[in-house]
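Note sheet for the following structure.
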Amino acid sequence: MNEVEKLIPHRPPFLFVDEIVSHDGETLTARRTWRAEEDFYKGHYPGAPITPGVLLCESVFQTGALLMAKLMSGAGEQSGVPLLTKVTDVRFRTPVYPGDTTVVEVRRKETLGDFHFMAATMKCGDKRVLNIEFSVAWKKPEKPSAP
């Protein structure tokens, strides 16, 4: 089990971070190579595949989850996961193709109560892929009991 899988509960085929590149205080940088054999490329788009924007965003959110896991374990709060609460100002700049490697940098901007506000940038080489701002709440997900 690698460091990513030790920190967050996501697993293949829904794990979109390969490795942590660096972590410095309120910022974490991670890397992902988008492999041509991944199933979603069969339908998005046949003959001209590009990585779905929603999966690029998920890669960012998982990088944010890694940052939060590191920050919260340092604060002694290990039993929880970051639950996405808000996504704002998403801007896609350039497509990501099978075989491309992206680098995501997520920074925690501020914390208000249980809510953590973050900003992120994804790049492929020297080209910016997307910018996004989002917030999460650190919670232990519990399914409500059936009536």
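The values are calculated or read from the model by the stated rules, or taken from the named source; none is laboratory data. Computed from a predicted model, the values in this text were never measured in an experiment. Note that we place each Cβ from the backbone using ideal geometry, even for glycine, and neighbour counts take in every protein chain shown. For accessibility, only protein heavy atoms count, side chains too; no ligands or nucleic acids. Shrake-Rupley method; radii C 1.70, N 1.55, O 1.52, S 1.80 Å.
Sorting the segments 31-39, 43-51, 104-112 by their residues' average number of neighbouring beta-carbon atoms within 10 angstrom, most packed first, yields 104-112, 31-39, 43-51.
As an exercise, take the mean of 1/r over every pair of distinct alpha carbons in the chain, invert it, and state the Kirkwood radius in angstroms.
Kirkwood radius, the chain: 15.9 Å.
Listed by chain and number, the lysines placed with their C-alpha closer than 27 angstrom to that of Lys143 are Lys6, Lys70, Lys86; residues fewer than eight positions away on the same chain are left out.
Accessible surface of region 1-90, 1.4 Å probe: 54 percent of it comes from carbon and sulfur atoms. Packing order of peptides 58-67, 86-95, highest average first: 58-67, 86-95 (average count of other Cβ atoms within 10 Å over each peptide's residues). Basic side chains Lys and Arg get +1 at the Cβ, acidic Asp and Glu get -1 at the Cβ, and with that the dipole of region 71-147 about its Cα centre reaches some 160 debye. Please give the Cα centre distance for region 125-147 versus region 30-61, rounded to the nearest Å. If we compute the Cα centre of each part, the gap is 18 Å. Remark: spin-label model distance Glu37-Asp126 equals 3.3 nm, labels positioned 7 Å along the Cα→Cβ axis. Hey, for a label at Glu26 modelled as a point 7 Å past Cα toward Cβ, could you say which residues of region 113-139 have their backbone N under 19 Å away? Answer for this model: 113-122, 132-138. Based on protein heavy atoms only, region 79-128 ends up with 63 Å² per residue of surface accessible to a 1.4 Å probe.
The mean of 1/r over all distinct Cα pairs in region 15-63, once inverted, gives the Kirkwood hydrodynamic radius of 12.0 Å.
Under conditions of 25 °C and 0.890 mPa s, region 84-138 yields 203 µm² s⁻¹ as its translational diffusion coefficient, taking Rh as the Kirkwood radius over Cα pairs in the Stokes-Einstein equation.
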